[in-house]
Amino acid sequence: MELSENRYKELAQKWAEGRISPEEAREYLDWYNAEDNSPLEIAPEFATSKEELEQRMLATIQQRISTEVPVIAIRRRWTRYVAAAAILLMIATGAWFFLRQNPDQPNFPVARVQDPNFKNDVLPGGDGAVLTLADGKQIVLDANATGQLAQEGNTVLMGSAGELRYSGTTTETLYNTLTTRKGQQYALALSDGTKVWLNAGSSIRYPVGFTGDTRVVEITGEAYFEVASQPLAQSGKKPFIVKVNDMEVTVLGTHFNINSYGDEGAIRTTLIEGSVRVNDKLVLAPGQQSAYNKGQLQLVEQADLTGALAWKNGLFYFRSADIETVMRQVLRWYDIEVRYEGARTKDRFNGGIPRTASLTELLSILKESRVNFRLEGKVLTVLP
């Protein structure tokens, strides 16, 4: 497809900053995948040191794609490349890797190797959830759950391509709960127009229809919100409140992410747009993050927005992450058990990989950082 240079740069910059929408991401990838896939040759004598080699690789690829957004280099034995805005994994050794989508394959191809330590493969997660109605009835949802699914009072519950929608109004106090297991994600449009995306191993409890002067929901795990502004009958607006254990986030109309997984330590609220107030104490501005742990609330002035939104944009994303942090993301998405054997690597991981990759594809890339794995069934062992 034809895409102007200015439009390409705009989309690439949005991706690099974590602001790209799913529709824009598809536009960018469709354009890039239609371009030439010729190899980039780099001679061994290209530089006198690893650092100089990396800098020259970076400059060479930047010149090839004619853009100022960050890019990543590839090792000499690899021939495919893509712009950094399009998804990368940078490993602690200093080498950066590209993933290039092949239009003839449904997923991003990465280094597939025959490894005797991989007894099998595990497919990535996908759309799926369990909806619990007010009367306790449960409905299993997946990407094929379409049309009218149920009715609560005067409110109709509709399914559409991995998303649950509520339409209509009710004065009854009826609560529903949407729950994702490991290896699942799902989207939700509440009756007020607020949109919610649930990451794997998460839940949200919410009223079928909002009554009174506030809109209150409760979550576990991780969720991204795009809150609809809703006026009161009198002057003012109806605040939207998210409860997570003993923490509350109050908003009027904004976009933000909350990560409250129990194994991540602090509950992190990252603001993308608008304004939120955490525990009636700390007001966040766009680009800021709060960290709440054991009653202590801290402000992060410059949050990693790309990292906070990566899961919603279909990526694993790491920035100076240790192996335990990486594995926590992996075990939630592939619904596996992770064990450690021997000394754990001290390497740090940076960058991202598509969540469409199979488990062995992802592990094959991580192995480039001198960390090894053994996969047997649903048990992944991290080796020295």
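Does segment 270-282 contain at least one residue that is open to solvent by 10 Å² or more (accessible area, probe 1.4 Å) and in contact with a Lys or Arg (Cβ under 6 Å, 6 or more places away or on another chain)? Scanning segment 270-282, I find no residue that is open to solvent by 10 Å² or more (accessible area, probe 1.4 Å) and in contact with a Lys or Arg (Cβ under 6 Å, 6 or more places away or on another chain), so the answer is no.
Name the strands (runs of 3 or more DSSP E) wholly within segment 142-238 that hold at least 2 residues that are open to solvent by 30 Å² or more (accessible area, probe 1.4 Å), under 30 Å from Val330 (Cβ atoms) and touching a strand residue (DSSP E or B) at 6+ places or on another chain (Cβ under 6 Å)? I'd like the intermediate steps shown before the answer.
Numbers: elements: 147-152, 155-159, 163-167, 175-179, 184-189, 195-198, 203-207, 215-226.
Correct list: 175-179, 195-198, 215-226.
Looking at segment 340-347, can you tell me whether even one residue there is out of contact with any Cys (no Cβ under 6 Å at 6 or more places or on another chain) and closer than 17 Å to Asn120 by Cα? No, segment 340-347 contains no residue that is out of contact with any Cys (no Cβ under 6 Å at 6 or more places or on another chain) and closer than 17 Å to Asn120 by Cα. Among the residues of segment 139-160, those that are under 27 Å from the mean Cα position of the chain (by Cα) and either within 15 Å of Tyr206 (Cα to Cα) or in contact (Cβ under 8 Å) with a residue 24 or more places away in the chain (or both) comprise Leu141, Leu157.
The values are calculated or read from the model by the stated rules, or taken from the named source; none is laboratory data. Please read these numbers as outputs of a predicted model, since none were measured by experiment. No Cβ is skipped: glycine too gets one built from the backbone with ideal geometry, and neighbour counts run over all protein chains shown. These accessible areas exclude ligands, DNA and RNA; they are computed on the full protein's heavy atoms, side chains included. Shrake-Rupley method; radii C 1.70, N 1.55, O 1.52, S 1.80 Å.
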